[in-house]
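Chemist: Sending over a structure as structure tokens; questions will come in a sec.
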Amino acid sequence: MRTDARRHHDPQVRGFASDNYAGAHPEVLAAIALANGGHQVAYGEDDYTGHLQRVMHSHFGPTAEAFPVFNGTGANVVALQALTDRWGAVICAESAHINVDEGGAPERMGGLKLLTVPTPDGKLTPELIDRQAYGWDDEHRAMPQVVSITQNTELGTVYTPDEIRAICDHAHERGMKVHLDGARIANAAASLDVPMRTFTNTVGVDVLSFGGTKNGALFGEAVVVLNPDAVRAMKHLRKLSMQLASKMRFVSVQLEALLAKDLWLRNARHANAMAQRLAEGVRAIDGVDILYPVQANAVFARLPHAVSERLQKRFRFYFWDETAGDVRWMCAFDTREDDVDAFLQALKEEMVR
């Protein structure tokens, strides 16, 4: 059979810009091929999406219901819409992905207001939440209805289960619901060495955005409703938000491949281990400071701006705060020890130029 497709990149090249740069895990690709062929009912009535519900039950309990979507921003926008009224607002960290990296989608597409709070490490606390948790009867102010946290956070830090329980108890006492952005939830579970339910439904999280793409999926995430009483009209909101896949089996089977056994955990543990290897090497280099605890698969560092610019010509990565000289280095499920060691060697060379 003839094909005109050809490879346009060197598959041996890896960087530290984002875990989104990684390809799909071979077991996920095999699962997609397994789901191919023949006809399956469209729009989520297929056998694979049905089986995914049972897989989600094994991780999050029998009341959990998964709604596969195309991407993480879509998952967050759908989830937050389902938790808020038209006059509602969402309290989140200033560094939250929904505030910084989603192009205003929660506010523009979701029709809600974000009430942000500065945090020293990306993590909210009950005390920080109270900076925005007021004015429910003030018609001049968007009504705080949801607290959204990210696990692990955008700064690579990880909430303990007790910290999330305290947030959930505090929010629920004030009549608010809790959303967890789990774009890297697998990395958090691997770091804590606990099941995902330990810091989600067990401690009071109402709705979860479950991330697959950063952990080996080709595409696709899911909104996982943990508390059915907290949401309204999920399936209608998913369609309205353009997140309903017609051939949903190809999203669902990827999540099944990750979650049915331990692929999700193997991938996350490896990415985390590579970040630890990177951090250990960086700590031995004079003039480079690690900014936050390395608890998942991210390393945030500060180094001379000119060094970063030279290093970027050898390895891809992003500035986090270019003015301060802060950078972010991400590890993925396919990051190799040799990749980390080569990066550390390049960093040492550029630091002494």
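Chemist: For the pair Lys247/Glu94, report the inter-label distance in nm, with labels modelled 7 Å from Cα in the Cβ direction.
Modeler: Result for the modelled spin labels: 4.5 nm.
Chemist: Starting from the Cα coordinates of the range 56-206, work out the convex hull volume and express it per residue in Å³.
Modeler: 107
Chemist: Just report the Cα centroid separation between the range 1-30 and the range 212-281, whole Å.
Modeler: Here the answer is 19 Å between Cα centres.
Chemist: Pick from Ala284, Ala66, Ala105: which residue has the top mean-square fluctuation in a GNM of the chain where Cα pairs under 10 Å get a spring?
Modeler: Most flexible of the set in this elastic network: Ala284.
Chemist: How much of the DSSP bridge set in the chain is antiparallel, in percent, rounded to the nearest 5?
Modeler: For the chain, the DSSP antiparallel bridge percentage is about 50.
Chemist: To the nearest 0.05, how large is the calculated FRET efficiency for Ala306 and Ala30 if R₀ is 56 Å and r is the Cβ-Cβ distance?
Modeler: The calculated FRET efficiency here is 0.80.
Chemist: Now, a different point. I'd like the FRET efficiency for Met351 and Ala273, computed as 1/(1 + (r/R0)^6) with the beta carbon distance as r and R0 of 22 Å, rounded to 0.05.
Modeler: Plugging the Cβ-Cβ distance into 1/(1 + (r/R0)^6) gives 0.35.
Chemist: Convert each backbone phi in the range 18-28 into a coupling constant with the Karplus relation 6.51 cos²θ - 1.76 cosθ + 1.60 (shift: θ = phi - 60°), then list the ³J(HN,Hα) values in order as whole Hz, x for Gly and Pro.
Modeler: 6, 5, 6, 6, 5, x, 8, 5, x, 5, 6
Chemist: Another question, then. Between His51 and Gln12, what is the label-to-label distance in nm when each label sits 7 Å out along the Cα-to-Cβ direction?
Modeler: In this crude spin-label approximation the distance works out to 3.8 nm.
Chemist: Ignoring ligands, DNA and RNA, what percent of the 1.4 Å accessible area of the range 6-50 is carbon and sulfur?
Modeler: Carbon plus sulfur share of accessible area: 52 percent.
Chemist: For the chain, max minus min Cα coordinate along each principal axis, in Å, sorted largest first?
Modeler: 60, 59, 35
Chemist: Send over a whole-number figure in Å² for the accessible area per residue of the range 247-353, probe 1.4 Å.
Modeler: Using a 1.4 Å probe on heavy atoms only, each residue of the range 247-353 averages 46 Å².
Chemist: Please give, to one decimal in nm, the separation of the simple spin-label points placed at Lys235 and Trp136, each 7 Å out from Cα toward the Cβ.
Modeler: Simple spin-label model gives 3.2 nm for this pair.
Chemist: If you wrap a convex hull around the alpha carbons of the range 12-63, what volume per residue comes out, as a whole number of Å³?
Modeler: 144
Chemist: Over the range 189-312, calculate the relative contact order: mean separation of alpha carbon pairs under 8 Å at least 6 apart, over the residue count, as a percent.
Modeler: Rounded, it is 20 percent for the range 189-312.
Chemist: Here's another thing I want to ask about it. For Val223, list long-range residues whose amide hydrogen, built 1.01 Å from N in the peptide plane, is under 5 Å from its own amide hydrogen.
Modeler: Under 5 Å from the amide H of Val223: Phe67, Val69, Phe210.
Chemist: Can you list the HN-Hα couplings for the range 271-279, worked out from phi with the Karplus curve (6.51, -1.76, 1.60; θ = phi - 60°), rounded to whole Hz and with x for Gly and Pro?
Modeler: Listing the rounded values in order: 4, 4, 5, 5, 5, 5, 4, 5, 4 Hz.
Chemist: Give the carbon-plus-sulfur fraction of the accessible surface of the range 191-331 in %, rounded to a whole number; probe 1.4 Å, heavy atoms of protein chains only.
Modeler: C and S fraction of accessible area: 50 percent.
Chemist: Can you give me the P(r) profile for the range 1-125? Cα pairs, bins 5 angstrom wide beginning at 0, each as a whole percent.
Modeler: That works out to 2, 8, 11, 13, 15, 15, 16, 11, 6, 2, 1, 0, in percent per bin.
Chemist: Multiplying the sequence separation of Arg316 and Ile290 by 0.36 nm and subtracting their Cα-Cα distance, what value in nm do you get?
Modeler: 7.5 nm
Chemist: Can you grab the distance from the C-alpha centre of the range 41-79 to the C-alpha centre of the range 86-162, Å, no decimals?
Modeler: After rounding, the separation between the Cα centres reads 24 Å.
The values are calculated or read from the model by the stated rules, or taken from the named source; none is laboratory data. Note that this is a predicted model, so its numbers are computed, not measured. Ideal geometry is used to build each Cβ from the backbone, glycine not excepted, and the neighbour counts take in all protein chains shown. When the accessible area is computed, the model is the full protein with side chains, heavy atoms only, and any ligands, DNA or RNA have been set aside. Shrake-Rupley method; radii C 1.70, N 1.55, O 1.52, S 1.80 Å.
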